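S.K.: Below you will find the structure I want to go over with you.
What follows draws every value from the coordinates through simple rules; no lab data is involved. From a predicted model like this one, the values you see are computed outputs, not experimental measurements. Heads up, the Cβs are rebuilt from the backbone with ideal geometry, glycines too, and the neighbour counts pull from every protein chain shown.
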Amino acid sequence: MKQVRWPGLKDGDFKLSEVLEQLSRVYNLEFDINEKAFAADGVMDVNSQIVASADKPLPPVNGSVSTVLKKILARVPAGSTATFMIRRESIEITTGAASIAEKVVRIYPVADLVYPPPSAFNAQQGLQQ
């Protein structure tokens, strides 16, 4: 994972939308906020939530972009915590409850994982023997 040096936020009030816009510009990322999930958690306008201020600055981070996002999202008031999920086109900012509800369990027959399917061998070679 790519390591970054994020300078943090200390002077003034910073809304979530402003901080995500800064990350988007600096690290060439695309964010999508799941506003329905936050509304279900009781946060009506998640974009305007203050995540850093002069009283509660966000310190600099030398680490991954994931670490930076976790530090920022820890400041968003949500009943089930704010989190993110990597999508094909963007990084989705959502709630913990919404991310858990989306998890899917896939069950595979063990034989399909261990043995190759019959079409995996050369049929012509099998007939020549």
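S.K.: How do the peptides 56-67, 91-102 rank, highest first, by the average count of neighbouring beta carbon atoms within 10 Å per residue? Could you put the intermediate results ahead of the total?
M.R.: Working: 56-67: 14.7, 91-102: 18.1.
Ranked by mean Cβ neighbours within 10 Å, highest first: 91-102, 56-67.
S.K.: Could you pull out every residue, at least 5 positions away or on a different chain, whose amide H is within less than 5 Å of the one on Val4? Hs are placed 1.01 Å off N in the peptide plane, and Pro or chain starts have none.
M.R.: Gly63, Ser64, Val65
S.K.: Cut-off 15 Å, label point 7 angstrom out along Cα-to-Cβ of Asp32: give me the residues of region 56-96 whose amide nitrogen falls inside.
M.R.: Once the point is set 7 Å along Cα→Cβ of Asp32, 84-95 turn out to lie under 15 Å by backbone N, inside region 56-96.
S.K.: Which whole-Hz couplings ³J(HN,Hα) result when phi for each residue of region 94-101 is put into the Karplus expression 6.51 cos²θ - 1.76 cosθ + 1.60, θ = phi - 60°, listed in order with x for Gly and Pro?
M.R.: 8, 9, x, 5, 5, 6, 5, 5
S.K.: Now for a separate question. State, to one decimal in nm, how far the label point of Lys10 lies from the label point of Thr67, with both points 7 Å from Cα in the Cβ direction.
M.R.: Between Lys10 and Thr67, the label points sit 1.8 nm apart.
S.K.: Moving on. Quickly work out the Gln3-to-Ala39 label distance, labels modelled 7 Å from Cα along the C-beta direction, and quote it in nm with one decimal.
M.R.: Going by the 7 Å Cα→Cβ label model, 4.3 nm.
S.K.: While we're here: Tell me which residues come under 5 Å, amide H to amide H, from Ile33 once H is placed; ignore anything under 5 positions away on its chain.
M.R.: Ile93
S.K.: So what are the ³J(HN,Hα) numbers for region 29-42, from phi and the Karplus equation (6.51, -1.76, 1.60; θ = phi - 60°), rounded to whole Hz, Gly and Pro as x?
M.R.: Values per residue, Gly and Pro as x: 10, 10, 10, 9, 9, 7, 5, 5, 5, 5, 4, 5, 8, x Hz.
S.K.: Separate question: Check Ser90: other-chain or 5+ apart residues with amide H under 5 Å from its amide H, H built from backbone geometry?
M.R.: Excluding prolines and chain starts, which carry no amide H, there are no hits.
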